[in-house]
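Working notes for the structure below.
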Amino acid sequence: MQNNTFPTLFVGQNLIRLPEVDSTNNFLKAMVSNSEPLPEGTVIMADKQFAGRGQQNNTWYAEPGLNLTFSLYLSPSFLPISKQFLLNMAVSVGIRDGLSAYLGDFLKIKWPNDLYYSDQKLGGILIENILSGTKYKASIIGVGINVNQLDFDSALLNRATSMGKILQRDVNLIELLGQISSHIERQYLKLKSGNLNNLQENYLNGLYKFNQKSLFRQDGATFEGMITTVTDTGLLVILSEGVEKQYNFKEVEFLNNI
């Protein structure tokens, strides 16, 4: 555990930095399951993850020591389970705002949980919720961002990028974590206070392909459409041939620009 000078009230004030772990989400979930109370806002940061995970149990690989891989513990018991995607929106906006000081408006959230710079993946978010009855016990928010890694697998050369490649310089990982923690906390406190004004608007304004004609694929069939909104429950709404349809996670695939 280390104390920090992050400009936050609680997010990241209890920071545990590990040299190596299978998954920061797994480590944090184990801590939450213990009987000893854990301060909300605890962050687990790892220099190396050897079994990092993305959405739907996809593997997330980050070169050791060069990237930002961390998990954050929040306890959004105030949030109805039916509105759980509002937490995703708040966290996504917070991360995007934290990175915008470095990357400007080119950074977008690709629904439901990827970070994109132009048309290349910069990182991802994995939120795992722990329920107690009909209420939240905890949310474990895993974040992986390509920061100082310059070399990628040949299969990812045109699909992935990093802050180092974009900025042509190294970025201090702890300073970056402090920026992101501050902005996540700001959005989370707004959510907790019930101040939902502009949350969806802010989320949509920074959403990848929002209000742009794009190509998508569902069940092997390609179609042209335009993202018009994302519902409180996280469904992606696409307008195609004059009809709006809603899609759940993994039901629709983004294709290249038309």
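Considering only DSSP beta bridges whose two residues both sit in the stretch 15-206, what percent are antiparallel, to the nearest 5?
85
For the chain, what is the relative contact order in percent, using Cα pairs closer than 8 Å and at least 6 residues apart in sequence?
Reported relative contact order: 18 percent.
Provide, for q = 0.13, 0.17, 0.28 Å⁻¹, the log10 of I(q)/I(0) from a solvent-free Debye sum over equal Cα point scatterers in the stretch 212-254.
-0.23, -0.40, -1.07
Quantify, in whole percent, the carbon and sulfur part of the accessible surface of the stretch 101-170 (1.4 Å probe; protein heavy atoms only).
After summing per-atom areas, the C and S share lands at 47 percent.
With n ≥ 4 as the cut-off for DSSP H runs, can you work out [θ] at 222 nm for the chain, using -39500 (n - 2.57) per run divided by the number of residues, rounded to the nearest 500?
It lands at -7500 deg cm²/dmol.
With unit charges on the beta carbons (Lys and Arg positive, Asp and Glu negative) and the dipole taken about the Cα centre of the stretch 146-258, which residue among 248, 225, 148 sits farthest to the positive side?
Most positive-ward Cα: 148.
What is the log10 of I(q)/I(0) for the stretch 116-216, computed with the Debye formula using one identical point scatterer on each Cα and no solvent, at q = 0.11, 0.18 Å⁻¹?
Debye output, listed in q order: -0.50, -1.15.
Using a Förster distance of 30 Å, how high is the FRET efficiency between residue 228 and residue 17, based on the Cβ-Cβ distance and rounded to 0.05?
0.10
Roughly how much of residue 224 is accessible, in Å² to the nearest 10, using a 1.4 Å probe?
Spelled out: residue 224, probe radius 1.4 Å, area about 90 Å².
Counting pairs of alpha carbon atoms under 8 Å apart in space and at least six apart in sequence, what relative contact order in percent does the stretch 93-214 give?
Computed over the stretch 93-214, the figure is 30 percent.
Which one, [x] 14.2; [y] 13.3; [z] 19.6, gives mean projected area of the Cα convex hull in nm² as derived from the coordinates shown?
[x]
The values are calculated or read from the model by the stated rules, or taken from the named source; none is laboratory data. No experiment lies behind these values; they were computed from the predicted model shown. Here Cβ is always computed from backbone atoms with ideal geometry, including for glycine, and neighbour counts include all displayed protein chains. All accessible areas refer to the heavy atoms of the entire protein, side chains included, with ligands and DNA or RNA removed. Shrake-Rupley method; radii C 1.70, N 1.55, O 1.52, S 1.80 Å.
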